[in-house]
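Enquirer: I'd like to ask you about the structure that follows.
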Amino acid sequence: MEGNNPILILTGFKLILYIFAQQYLKMGIYKKTEEFQPEAIDHLSNHVKGMLQILGEDTSREGLEKTPSRVAKSLGFMTKGYDEDAVEILKSALFVEETNEMVVVKDIELYSMCEHHMLPFYGKAHIGYLPRKHITGLSKMARVVDVFSRRLQVQERLTMEIKDAIQEALDPLGVAVVIEAKHLCMMMRGVQKQNSSTVTSSFNGEFLNNLATRKEFLNVISTKLS
């Protein structure tokens, strides 16, 4: 359209976006909320501030002024799994279904913290189970991974905890869990092996006792579907 000033058009568009944003805030459609225990955050913040001072930092400078609080809140988020019940999450979407075919949810992203150095490890979880009578919502598998990974962990225990929770909640014919992850405690410190990864597995029931069933699961999680 000739004669239209592109600067005015852009300014008008920004104004429209601003008006919509203000309306959303008034209507409560968007509102940032953080759920933390204030006393715990204050206590953690003091410890983080002391740690920074021991390291020789000036905690009064602009860049670090709010760091203790931010770190405390991030620790609260990264360990929120302690307050969640994986079995209850699975049971919240429990359905009776007459099937005993394998159910697999793979490539579930996970982020956790090594309990030895409190450094992150991250990767993917693959979960399979053989229903006996009940199935659960697929998203619940991802939530169970989050429950146990949002704690101070070791990958070996994390793998077993996911399997045991699914077994307790669903009572399936078998459960299989494989986790592959990269550990920053091995990558950014210590041996500093940047390309290393760790794979852990835990099986029970038919996945443990039946080689063909276990092979089928491992083939499914290693196959890329287009």
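Enquirer: Would you say residue 208 is out of contact with any Ser or Thr (no Cβ under 6 Å at 6 or more places or on another chain), more than 26 Å from residue 77 (Cα to Cα) and part of a helix (DSSP H, G or I)? Can you show your working first?
Expert: Details: out of contact with any Ser or Thr (no Cβ under 6 Å at 6 or more places or on another chain): yes; more than 26 Å from residue 77 (Cα to Cα): yes; part of a helix (DSSP H, G or I): yes.
In short, yes.
Enquirer: How many residues, within segment 170-206, are closer than 24 Å to residue 140 by Cα and over 25 Å from the mean Cα position of the chain (by Cα)?
Expert: 3
Enquirer: If you don't mind, another one. Sort through 84, 57, 65, 39 and tell me the only one that's at pLDDT 80 or above and either within 30 Å of residue 218 (Cβ to Cβ) or of a type in the set (A, V, I, L, M, F, W, C) (or both).
Expert: Numbers: 57 fails: either within 30 Å of residue 218 (Cβ to Cβ) or of a type in the set (A, V, I, L, M, F, W, C) (or both); 65 fails: either within 30 Å of residue 218 (Cβ to Cβ) or of a type in the set (A, V, I, L, M, F, W, C) (or both); 39 fails: either within 30 Å of residue 218 (Cβ to Cβ) or of a type in the set (A, V, I, L, M, F, W, C) (or both).
Selected residue: 84, the only one of 84, 57, 65, 39 that is at pLDDT 80 or above and either within 30 Å of residue 218 (Cβ to Cβ) or of a type in the set (A, V, I, L, M, F, W, C) (or both).
Enquirer: Please tell me if residue 188 is aliphatic (A, V, I, L, M) and crowded, with 16+ Cβ neighbours inside 10 Å.
Expert: On the way: aliphatic (A, V, I, L, M): yes; crowded, with 16+ Cβ neighbours inside 10 Å: no.
Here the answer is no, as residue 188 does not meet what is asked.
The values are calculated or read from the model by the stated rules, or taken from the named source; none is laboratory data. No experiment lies behind these values; they were computed from the predicted model shown. Methodologically, a virtual Cβ is constructed for each residue, glycine included, from the backbone with ideal geometry; neighbour enumeration extends over all protein chains shown.
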